[in-house]
1. What does the net charge come to around A629 if you take all other residues with beta carbon closer than 15 Å to its beta carbon, with K and R at +1 and D and E at -1?
2. Could you please report the charge total around F355, scoring K, R as +1 and D, E as -1 over all other residues with beta-carbon less than 9 angstrom from its beta-carbon?
3. Let me check something: with ligands and nucleic acids excluded, how do F687, F347 order by accessible area (1.4 Å probe), largest to smallest?
4. Under a point-charge model restricted to the Cβ atoms of Lys and Arg (+1) and Asp and Glu (-1), what is the dipole moment magnitude of segment 361-424 relative to its Cα centre, in debye to the nearest 20?
5. Within 9 Å, Cβ to Cβ, of Q376, how many net charges do the neighbouring residues add up to if Lys/Arg are +1 and Asp/Glu are -1?
6. What's the extension gain from L52 to E625 if we count 0.36 nm per residue and subtract their Cα-Cα distance?
7. List the residues, sorted by chain then number, that are 5 or more residues from G131 or on another chain and whose placed amide H is less than 5 Å from its amide H.
8. Can you give the accessible area of H246 in Å² (nearest 10), computed on protein heavy atoms with a 1.4 Å probe?
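The values are calculated or read from the model by the stated rules, or taken from the named source; none is laboratory data. Because the structure is predicted, anything quoted here is derived from the model rather than measured. Positions of Cβ are generated from backbone atoms using ideal geometry, with glycine treated the same way; all protein chains shown enter the neighbour counts. Quick note on the areas: whole protein, heavy atoms, side chains included, nothing else; ligands and nucleic acids left out. Shrake-Rupley method; radii C 1.70, N 1.55, O 1.52, S 1.80 Å.
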Amino acid sequence: MARTKGWIRFRRWSLLLALVLTLPAFGAAKAQATAAEDEFEDFSEIALEELLNVTVISASKLEQDLSDSPNAIWVITAEDIRRAGVRTIPEALSLAPGVYVARMYGTKWVVTIGGFAFNNYSNKLLVLVDGVSQYAPLFGGVEWEYFPVGIDEVERIEVIRGTGGVLYGANAANGVINIITKSPSREPSSYVNVRGGTQSLRETNAGANLSTDDGVISARLAVTYTEDEGFGMKNGETIQDGKNFHVVSLRTSIAPTESALISLDARYRGGPFETPNVSTAKPEVWKNLENAFYRARWDQTLDSGAQFYIQSYYWRMLLQERDDTARYEDSEDSEIADVEFQAMVPFEAAGSHRFIFGGGYRTIRDEQFILKDGEQDYTVANGYFHDEWSFNDQWSLNAGLKYESISLVDPTWQWRGAILYQPTREHGFRLAASNAYRSPALTEMYQNIGAELPDALVPLLAGSWPTPPPYYIVQVLGNEDLEPEQILSYEAGYRGIWFDRMKIDVSYAYKQYDNLISFYLADEGFYVTPPFPPTPFGPFGLVYGYSQQGEATSQNLDVGISARITRSFRVLANYSHVDIEVDGPNAFEGFEKNSPENYGMIGLGYTHERGFMADVSAYYVDEIEIFNAEDPTAPPFKIDAYWRLDARLAQSVKMRDGELEIGVVGTNLADEWHEEYVDFSQDVDPFQVRTGYYGYIEYRR
């Protein structure tokens, strides 16, 4: 009966949205029917140029046309984000093929490329903000709830599906996500918006460019304030998972000459958020976050065409926990200092070359009570070279090698080779082979926590304990002998433009994983039989640890489509298939089951010449079985397959000095609520993502 109601509700919303989209389309179709043929041809040329003239920087850390990139790379534009009505960066990432996104609760997300979800951490995915790594060394992965970027400041997101170790080093094993924010400019660009909706959403954002009259010094200042009560549900009852934070970013650029640019950036995110917990000891836990990084960069172009940059950044994160007594205690304190450089030298030898070389040095310190000695620090040093060799207008070869030394483990060599064939400007085929590494997280190597036996039981059980005191009921111990995981990847892909208005990107990857690190039960403990009553009880002395005996293979097929059907209609769609097989003693079975085999989305957008916009997006995710990464003996939790339907209606009005837009967005319209993932680290059942609505008003110029 529940499924029937959900289907009826889905059909009701589908018919309503179809009506909204179709009525204005009749007028547009009539206008197009009377238009001259040369106008339609002009539109074809405009649509083609929009698809061809896309510039990316993530494939080589240098600007290049998307069509010349040897990687499977997809660009999510600011327009894509705005039209989808998403409010967070994880939600925006689902617009790219190959990226699986699920919400645990109001502040925590799962984001993966190529599978291998480990609770909310995807430890084989590297995420950058303007070239600054957001990979957290403590647990290995990205803390999306700590992200120091407001969604309105995103200029574009470049998503690389596949290894990126040659340029980016360890942890860029399955993909790289580079979030590029709006740059300071002499051109005026500003906005202010207000959003409000269900779950007590209240949000304000603003950003503006400032510049000297001569344009030598430019700055961009942006602020965000967000407050909501979350939307976690357990058996229809609300669970605390709200947040209250602000983000401030300042980007400055100084152009002393036409060929030089100095950038000075600072970002800060702070404020409390709730961690759901239904334990009677801690019914509600607030965490207070302070997350900031500072970046300085010098870019230089020489008369010969050579380019180089030098960049340094400092990142600091302090996380404090407050219980119901309103007392704060330090939970985590992390610091990263990094300096890197890269140079590109062009030369002609049997074709055109761009020879790229660079390196860097990084220090990391993380203080957390669960680590051995309470604190760990290490260093990373690397050097690399990479050659982009174009034989002619159709064939090019990309090859690179990187040496990386991490003080905790043995050094590694990472390599990549790729061939790109472009029979025409509109079509390209690529083949690539590469390797990559994923370094152990600090918790995997140095975790040292345990629950000790209560003092009242020590006299009764001390004689039964096989080890000297202290006596632990359960312990979690890291493994200092761990080495990096190894990934070998083979990729093939096609990128092309069809009918002068449709971009298609198809990629296939086969990967082999060795030395997979898994959490496992190392010691099953023992039971104690007291004299009266003679009933064994326990277990005591349980020990969980980390093993490195897992192996796996994966196959990934990703398809992305972006099309401008007419002047008024646009389509954005993607589909991904992931097939993972895990083997080996103590291998974590969740690597195979914790991510869906099939998922994707399709979005339709309509724009009327008078500023009316209507967008609808449908997302599909296969069923999954989530295994508990913190208790390998626990049974898995099944999440059913689901559809999610989002819609946006907006009206834009041209004004004297800018543009005013008013809109409303509905999310999860196909069902009242659904489950997407489960967080085993919290004492709660899977949260249910609810239907939500919000309205907004924005002025921009």
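1. Summing Lys/Arg as +1 and Asp/Glu as -1 gives -4.
2. -1
3. Largest accessible area first, the list is F347, F687.
4. In debye, rounded to 20, segment 361-424 gives about 140.
5. Taking every Cβ under 9 Å from that of Q376, the sum is -3.
6. Full extension of this stretch gives 202.2 nm more.
7. Excluding prolines and chain starts, which carry no amide H, the hits are I179.
8. H246 has an accessible surface of roughly 80 Å² with all protein chains in place.
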